[in-house]
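Scroll down for the structure; my scribbles are underneath it.
The values are calculated or read from the model by the stated rules, or taken from the named source; none is laboratory data. Quick caveat: nothing in here was measured; it's all calculated off a predicted structure. Note that each Cβ is placed from the backbone with ideal geometry, even for glycine, and that neighbours are counted across all protein chains shown.
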Amino acid sequence: MSNLELTMAGVDYDRFVAMWDGRVRVEGIDLNFLAMPVEEVFYRQAKYREFDVSEMSLSTYVLTLNDEKPPFAAIPVFPSRYFRHQSMFVNRRSGITEPSQLTGRRIGIPEYQITAGVWQRGILADEYGIGLGDIEYVSGGVDSPGRHEKVQYDMPANVRLSQIGPEETLSELLVSGSIDGIFSAHEPSCFGNDPDVVRLFPDYKSVEKDYFKRTRIFPIMHLMVVRAEILQAHPWVARSLMKACEQARSLAVDALAYRSSLKVMLPWLADHLEETLEAMGDDYWPYGIDRNRHVLDAFLRYSHEQGLANRRWAPQEIFAPSTRSSFVI
């Protein structure tokens with residue numbers, strides 16, 4: 001019997017490479033891998049459902065669970081994780097040197113619902129007491145004009161949010177002083193070009209290490225989703241994909257530790273890896289529900305508190321049934 005043919009879209013991360021170069025086979029599946037920028041994957045999947053399997057924003061996926069018939073089912077594979085203190089930027093002419101000074105300020109965000117923003121607002125609330133209504137948010141493209149929310153939802157009443165002009169960008173507004181900061185998923189173009197645009201946490205690595213030491217949270221940004229109709233017809237697909245992703249991730253971890261030559265173009269890769277292991281332990285990028293339950297629980301709480309999720313989901317509820325547990329020999 002022939003294998004099931006599926007198309008998977010995502011970034012060509014090291015943790016995916018072994019699945020598309022043939023070293024890892026997905027049981028029962030011939031996988032056509034489409035490597036493309038993550039913004040394109042998210043847009044095409046959220047708006048047009050173009051791919052059988054794809055990487056997806058954790059926040060966008062949780063929003064789809066508000067639908068009467070959710071279009072996707074997730075597997076607990078997390079290809080993107082990111083500490084988010086480092087992507088909060090301010091104009092120091094605003095006089096902001098610490099999080100407590102954000103109250104009453106205008107902060108630019110690409111979209112209210114993006115995963116990075118959910119984490120950033122949650123961290124500010126939990127760690128620094130900055131409530132959801134304490135900041136006035138403005139949304140739009142960070143460096144290109146015309147960005148809008150990818151998915152529709154009811155904006156919470158206690159959120160102050162407005163859209164910037166159709167020809168404006170958040171970077172330009174930050175430089176001009178029209179807004180006081182930008183909370184984004186990446187560095188705005190003005191950072192490094194305007195000396196007054198700085199990180200809210202200049203020593204972000206130390207702050208993030210301390211955050212992880214206290215909370216054990218390495219924020220999850222993306223997960224993997226399968227179109228719901230595929231799992232309805234072939235329930236085994238979720239487990240096959242999860243096994244293959246685990247195997248590919250293990251090979252990527254082994255490659256980072258290879259020392260005969262550098263597999264990645266970083267001269268001090270060994271030192272960076274040693275620093276990461278010392279701060280976070282050997283299992284610093286785990287897949288699966290159990291090893292990530294506290295991380296998922298924090299995010300799902302934030303999503304509900306910030307008016308995105310219709311209810312407070314439990315971590316095991318948001319994943320395909322066959323990925324919620326595993327057999328033991």
Which one of these does Arg216 not meet: (1) touching a Phe, Trp or Tyr at 6+ places or on another chain (Cβ under 6 Å); (2) on the phi > 0 side of the Ramachandran plot; (3) of a type outside the set (Phe, Trp, Tyr)?
(1)
So the strands (runs of 3 or more DSSP E) completely within the range 22-95 holding 3 or more residues that are over 22 Å from Val118 (Cα atoms) and either outside the structural domain of Ser189 (by TED's automatic domain parsing) or in contact (Cβ under 8 Å) with a residue 12 or more places away in the chain (or both) are 29-35
Out of all the residues in the range 247-267, is one or more touching a residue at least 12 places away in the same chain (Cβ under 8 Å), within 24 Å of Ile220 (Cβ to Cβ) and basic (Lys, Arg)?
yes
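For the range 100-108, state whether one or more residues are within 23 Å of Ile217 (Cβ to Cβ), in the same structural domain as Lys150 (by TED's automatic domain parsing) and touching a residue at least 40 places away in the same chain (Cβ under 8 Å).
Checked the range 100-108: at least one residue is within 23 Å of Ile217 (Cβ to Cβ), in the same structural domain as Lys150 (by TED's automatic domain parsing) and touching a residue at least 40 places away in the same chain (Cβ under 8 Å).
Given the criterion within 24 Å of Asp12 (Cβ to Cβ), at pLDDT below 95 and hydroxyl-bearing (Ser, Thr, Tyr), identify the matching residue among Tyr258, Tyr287.
Details: Tyr287 fails: at pLDDT below 95.
Residue meeting the stated conditions: Tyr258.
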What is the number of the single condition among (1) small (Gly, Ala, Ser); (2) at pLDDT 95 or above; (3) assigned to a loop (DSSP other than H, G, I, E, B) that Ala18 does not meet?
(3)
Taking only pairs six or more apart or across chains, which ones have beta-carbon atoms under 7 Å, a first residue in the range 272-289 that is under 17 Å from Leu223 (Cβ atoms), and a second residue that is modelled with pLDDT under 95 and among the basic types (Lys, Arg)?
Ile289/Arg324
Please name all residue pairs, on different chains or six or more residues apart, with Cβ atoms under 7 Å, provided the first residue is in the range 113-141 and is within 20 Å of Leu58 (Cβ to Cβ) and basic (Lys, Arg) and the second residue is modelled with pLDDT of 95 or more and not in a helix (DSSP H, G or I).
Arg121/Gln306
